1. Residues that are of a type in the set (Val, Ile, Thr) and under 20 Å from the mean Cα position of the chain (by Cα): which helices (runs of 4 or more DSSP H) entirely in segment A:150-230 hold 3 or more of them?
2. Take the conditions part of a helix (DSSP H, G or I), surrounded by fewer than 16 Cβ atoms within 10 Å (Cβ to Cβ), hydroxyl-bearing (Ser, Thr, Tyr) and touching a helix residue (DSSP H, G or I) at 6+ places or on another chain (Cβ under 9 Å) and apply them to B:Ser203. Does it pass?
3. Specify which of the listed residues (B:Phe73, B:Phe37) is surrounded by 15 or more Cβ atoms within 10 Å (Cβ to Cβ), more than 12 Å from chain A (Cβ to nearest Cβ) and touching a strand residue (DSSP E or B) at 6+ places or on another chain (Cβ under 7 Å).
4. Mind counting the residues in segment A:74-88 that are surrounded by fewer than 19 Cβ atoms within 10 Å (Cβ to Cβ), touching a residue at least 40 places away in the same chain (Cβ under 8 Å) and closer than 19 Å to A:Lys52 by Cβ?
5. Would you mind finding the one in B:Ile278, B:Ile270 that is of a type in the set (Val, Ile, Thr) and in contact with a Leu (Cβ under 6 Å, 6 or more places away or on another chain)?
6. If I filter segment B:127-143 for residues that are at pLDDT 90 or above and either closer than 24 Å to B:Val231 by Cα or buried (at least 18 other Cβ atoms within 10 Å of the Cβ) (or both), do I get at least one hit?
Amino acid sequence: MNQSALQARQAPSHKTGISVKKWRGAILWTFLTIYGLLTLYPLFWLFISAFKTNAEFMNRPFALPEAWQLENFTRAWASSKMGTAFLNSVIVSVVSLALTLFIAALASYVLARFKFRFKGWIMTFFVVGMLIPIHSTLVPLFILMKQISLLNTYWALILPYTAFALPTAIFVLTAYLSSVPKEIEEAAYIDGTGLWGVFLRIMLPISLPALATVSILSFLHSWNDFSFALVFISKTSLKTLPLSIATFADGYQTDYGLTLAAMTISVIPTIAMYLMFQEQVMKGMTAGAVKG
Amino acid sequence: MNTLRIRRFVVMGLLPSLLIYALFVFVPVVWSAYYGFFDWKGIGEAKFIGLGNYAEILRDPVFWRALKNNVIFVLASVFGQVPIALVLAIMLNKSNMLQRFLRSAIFMPMVLSAVVIGMIWQYIYHPQIGILNFLLDALGLESWKLQWLSDPNIAIFSLTPPLIWSFVGLYLIIFMSALQNIPGDIHDAAQIDGATGARKLFSVTLPMIWGTIQVALILCISGSLKSFDLVYIMTKGGPAHATELLATYMYNSTFSSYRYGFGSAISTSIVLISLLFIGTSQWLTSRRKNG
């Protein structure tokens, strides 16, 4: 009797315990979802506003567009020479990416597999460079570029992008290659394959996962860079996307639909890449930040 | 394989990376330290003036303003990004649909260029057509409406939400991977000892990822010294130098008046300040860990 009364008393309190927990969970998840939606809102707003007319943009900023103005995009593409800027960004990013991958993989192969004097010093040299704030090199690099007449050329961007991508790339690749067993290459050496052959035919394919990480990181950096382009490029025909969008916004300040459409076009490639390779992008950018 | 060929391969393999890296990262820093001692306009004779540029920087109120603003950015990152990311990381530690969606959403701004981020927030803050003031109007809070970016007293603080917004995702992923690296035994041991909730958080989880938090602090500092794009796009350091950062101060005083010597001295100061900041934060956090 006594015991059953005790049980009866305990049971409801046990139940409230669960429901308090449930409520707490529900509140937590509501909060989290709101936070997530708020995070996405600025981007969502950009996309819907890019399809609006000026009047709609000013009077109904939160509503969906009444008629989707696709012509904002065609006008933006034509009037701001975005095609050229897009092409410039592609050239600069792709060339510096290819250069980074090749020379970083080569250096990493050497650092991961061979013993030689000054190896420790060379590693330290790369680490020290990672502590240098990128913008503190703008003025001296500008002077350097001017003296070797590289200002207003693709190389003025390709070379610094590569240089700043190298430390992280070398660290990621060296760490990866050090974890790969040596048997395959040793077999190749015995078969008489030379060092370059082993590098090109064995080491490069083996390090593909690490190369993917490095590629994402280095591509995003050069695609999104603004400050180097601002300082080294003044010719309109050589401007990259971020720079030309910033200039464009100054020129068409009150044509909002047009400016927002131009911005949307410029973010589509990176967002598409992000949605396709999400895990790798997150991994790559985190590795890059922590090491760099 | 003979040693000569190996040696040649080692040199050939390292040379391209070392050359490009030295020429475009290392040499500029050394050069700017050298040019910092000169009065030089880019053309003509460079005049050696010793520490003259540095004395001028130290006397310039804009420099101190810029330094203060950089400190505000560091504090906003340390007390904005890090706690938000830590809380989110602890809550998003499982992997169901909603959590994966939230993680992706929060990380998304990381892949955008600072130009686009700055321009979006410019529209949000716009005094007449901005959605922030529009929202305040709609909620009947007209008196809260402000000139977010053109009032010198608040402009620098208006710049911190976009900064936090764009980087929380990075710290979230860093903290999540640190949390996943805590071995399962430790959670079991904590449970046996009866440590749950806040107690477990402060005496087990946080100490376990303290090293990662230290890394995050360094990232906040170097990130703040790297913020140039966002501020340049949104305010160009104005109004009246109210949002000047060290990097925009350097840009504005070098390229608007072609004072390369003076700009080089500022560049060198930025390198020294950032090393000082990072050193101090390392010292503070490692002391706290031992104490």
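The values are calculated or read from the model by the stated rules, or taken from the named source; none is laboratory data. Please read these numbers as outputs of a predicted model, since none were measured by experiment. Here Cβ is always computed from backbone atoms with ideal geometry, including for glycine, and neighbour counts include all displayed protein chains.
1. So the answer is A:155-178, A:208-224.
2. So B:Ser203 fits the description; yes.
3. Every option except B:Phe37 fails the conditions.
4. Counting residues in segment A:74-88 that are surrounded by fewer than 19 Cβ atoms within 10 Å (Cβ to Cβ), touching a residue at least 40 places away in the same chain (Cβ under 8 Å) and closer than 19 Å to A:Lys52 by Cβ gives 3.
5. B:Ile270
6. No, there is no match, as no residue in segment B:127-143 is at pLDDT 90 or above and either closer than 24 Å to B:Val231 by Cα or buried (at least 18 other Cβ atoms within 10 Å of the Cβ) (or both).
Per-residue answers, yes or no, for (1) within 21 Å of the chain's Cα centre (by Cα); (2) among the aromatic types (Phe, Trp, Tyr):
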site	(1), (2)
B:Gln147	no, no
B:Asp151	no, no
B:Ser166	yes, no
B:His187	no, no
B:Ala198	no, no
B:Ile221	yes, no
B:Tyr232	yes, yes
B:Thr243	yes, no
B:Tyr251	yes, yes
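So that you can scan it fast, the table gives a plain yes or no per residue for (1) facing another protein chain (nearest Cβ under 8 Å); (2) among the polar types (S, T, N, Q); (3) over 26 Å from the mean Cα position of the chain (by Cα); (4) within 26 Å of A:Ile216 (Cα to Cα):
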{"site": "B:Gly80", "(1), (2), (3), (4)": "no, no, no, no"}
{"site": "B:Leu88", "(1), (2), (3), (4)": "yes, no, no, yes"}
{"site": "B:Leu92", "(1), (2), (3), (4)": "yes, no, no, yes"}
{"site": "B:Met97", "(1), (2), (3), (4)": "no, no, yes, yes"}
{"site": "B:Ile131", "(1), (2), (3), (4)": "yes, no, yes, no"}
{"site": "B:Leu139", "(1), (2), (3), (4)": "no, no, yes, no"}
